[in-house]
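Shown next, in structure tokens, is the structure this report addresses.
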Amino acid sequence: SPTTSGVWIELGAPPLRFGAGSAELSPALDAALRALPAAIGAELFRLEVGGHASDDESPPAIEPGVRSLALARAEAALHALRQAGARARTFGLATYDSGLSPGEVDPRTTEGRVALRRITLRLEVLTP
């Protein structure tokens with residue numbers, strides 16, 4: 001029976017990050033997302049966009065605020081991908097907070113919190 005295999009892509013280099021509290025795509029991130037469907041060139045089985053947010057982007061007492069921001073980032077990225085022609089059997093959105101930090105980054109530092117303002121993509125294809 002078919003299974004899936006895929007790749008996880010992290011778009012978090014400084015020009016690709018979101019501003020604090022914002023879900024607006026930077027020009028560099030928008031361009032990277034719009035170039036991706038042509039680079040892939042095939043229909044995917046699943047395309048999942050994960051929006052990430054740092055804990056300092058919303059008052060600590062309002063945890064859903066961080067999740068809402070992460071979701072808005074994922075939705076903005078997915079919108080750009082679909083407008084550029086991304087094709088998949090299923091599309092998904094995911095939200096992440098400081099629990100999923102990139103590499104060796106400490107989410108308690110200013111540098112770490114800034115690094116969290118990114119998106120990730122999970123691309124899967126069917127394999128025989």
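Would you mind calculating the relative contact order of the chain from Cα pairs under 8 angstrom and at least 6 residues apart, reporting the percent as a whole number?
Numbers: 259 pairs, mean separation 55.6, N = 128.
Contact order relative to length: 43 percent.
To the nearest 10 degrees, how steeply does helix 27-40 sit against the main Cα axis of the chain, on a 0 to 90 scale?
20
Over 5 Å intervals from 0, what percent of Cα-Cα pairs in the chain sits in each interval?
P(r) for the chain, in whole percents per bin: 2, 12, 21, 23, 17, 12, 8, 4, 1, 0.
So for the chain: antiparallel DSSP bridges make up what percent, rounded to the nearest 5? Spell out each step's value before the answer.
Working: 15 of 23 bridges.
In the chain, DSSP labels about 65 percent of beta bridges as antiparallel.
Could you state the angle between the C-alpha long axis of helix 63-83 and the longest principal axis of the C-alpha atoms of the chain, as a value from 0 to 90 degrees rounded to the nearest 10?
Tilt of helix 63-83: around 30 degrees.
Readers should treat all values here as calculations from the given coordinates under stated rules, not as data from a laboratory. It should be emphasised that the depicted structure is a prediction, and the values quoted were computed from it without experimental measurement.
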